[in-house]
Amino acid sequence: MIRMNRFLTTCIVLIFPFLLIAQDSEVGLILGTTGYTGDITPSNNYFSTGKRHASLGVFLRKDLNRFTAVRGTFTYGKYSGDDANSKIEGIQNRNLSFQSNLLELSLVGEINPFGTNSTGEKIQPYLFGGIAVFHFNPETNYNGQLVELQPLGTEGQGMDDFDKPYKLTQISIPLGVGVKYQITDRINLGVDFGVRKTFTDYLDDVSGTYVNYNDLFEGNGQLAAALGNRSGELNQEGNIPEILPTGSQRGNPLQDDWYFTAGVTFGYKFSTRTRNYKGRNPTGREFGCPGKNL
């Protein structure tokens, strides 16, 4: 909780300067859904996703010229996966699961081939790409309680000859498409879909190989050993985890995790003025007070 509060504070500090220059731009909400692609998805298909969850975001958009804009967005969403949902018996037997709240602050550039808000176009499709910083914290349900996985080191993180614990705050690359429709001079409605290329395979706390149960028990404790290998929980004769040898496959370390958001956007323009980028009003319309067009 302390780490998440620090992340929220940092986001506010970073986005405040953007607020100061956005007086002639657009503010809005994104209501949508989330998903993720990783090691705990229903199948090995690259496009297989975990369970969908609701998401909420706020954004500020500022036009740079007739065809490009910049947008800062703060998004909250939840991501999860469960081997029980897989149709593959081997994945079901692995018996891993996770859930994580995810906070993201992104800054993207938009390309609007038909024109931006400033030109007054009714329909505005766009492409976007940029950079984001996000904070996540995978947890799992164990004996009726949520347990944070990263501090445990379920794949031996922190032990001698193993990797260090993975970072919970990381960078991603947002890429996506969207379209807006001008309902009034100030209000627009749209849809937005974006994927995030991450540089971690641990959104779900699963990446490489099993650590020998006894070694993990000795190095990181009983809870790490129990949650590092949960296949034995399916044993009807008792809840004793199966002891797998070091190096048995647990996840796919060759493919980093991805997450995505899709939603409906509601935008409000601070000004109804159009810009004259070519010496004339590109739409032939004037908004606001006479003589105030740029």
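Just a few scattered comments:
- Test: residue in segment 202-219 that is more than 30 Å from Ser55 (Cβ to Cβ), within 27 Å of the chain's Cα centre (by Cα) and polar (S, T, N, Q): yes
- Under the condition of being under 23 Å from Phe266 (Cβ atoms) and touching an Asp or Glu at 6+ places or on another chain (Cβ under 9 Å), the residues counted in segment 70-100 number 7.
- The number of residues in segment 137-160 that are crowded, with 21+ Cβ neighbours inside 10 Å and hydroxyl-bearing (Ser, Thr, Tyr) comes to 2.
- In segment 116-136, the residue that is farthest from the chain's Cα centre (by Cα) out of those that are buried (at least 20 other Cβ atoms within 10 Å of the Cβ) and at pLDDT 95 or above is Tyr126.
- Condition met for Tyr166 (free of Cβ contacts under 8 Å to residues at least 60 places away in the same chain and of a type in the set (Ser, Thr, Tyr)): yes
- Qualifying positions in segment 64-89 - charged (D, E, K, R), under 27 Å from Gly109 (Cα atoms) and buried (at least 21 other Cβ atoms within 10 Å of the Cβ): Arg71
- Options Leu175, Leu203, Leu152; residue that is at pLDDT 95 or above, closer than 30 Å to Phe266 by Cβ, part of a loop (DSSP other than H, G, I, E, B) and not basic (Lys, Arg): Leu203
- Segment 206-220: number of residues that are in contact (Cβ under 8 Å) with a residue 40 or more places away in the chain and either assigned to a helix (DSSP H, G or I) or touching a Leu at 6+ places or on another chain (Cβ under 7 Å) (or both): 6
- Number of positions in segment 161-183 that are within 24 Å of Glu26 (Cβ to Cβ) and crowded, with 18+ Cβ neighbours inside 10 Å: 6
- Being closer than 11 Å to Asp205 by Cα and of a type in the set (Gly, Ala, Ser) holds for only one residue in Gly158, Gly153, Gly176, Gly144, and it is Gly153.
- Qualifying positions in segment 98-115 - touching a Pro at 6+ places or on another chain (Cβ under 8 Å), more than 30 Å from Gly228 (Cα to Cα) and crowded, with 20+ Cβ neighbours inside 10 Å: Ser106, Val108, Asn112, Gly115
- Test: residue in segment 85-108 that is modelled with pLDDT under 95, over 30 Å from Gly219 (Cα atoms), assigned to a strand (DSSP E or B) and over 23 Å from the mean Cα position of the chain (by Cα): no
- Residue match in segment 42-51 (condition: over 18 Å from the mean Cα position of the chain (by Cα), at pLDDT 90 or above, surrounded by 15 or more Cβ atoms within 10 Å (Cβ to Cβ) and not acidic (Asp, Glu)): no
The values are calculated or read from the model by the stated rules, or taken from the named source; none is laboratory data. The structure presented is a predicted model; accordingly, all values stated were derived computationally and were not measured. Using ideal geometry, Cβ is built from the backbone for each residue, glycine included, and neighbour counts are taken over all protein chains shown.
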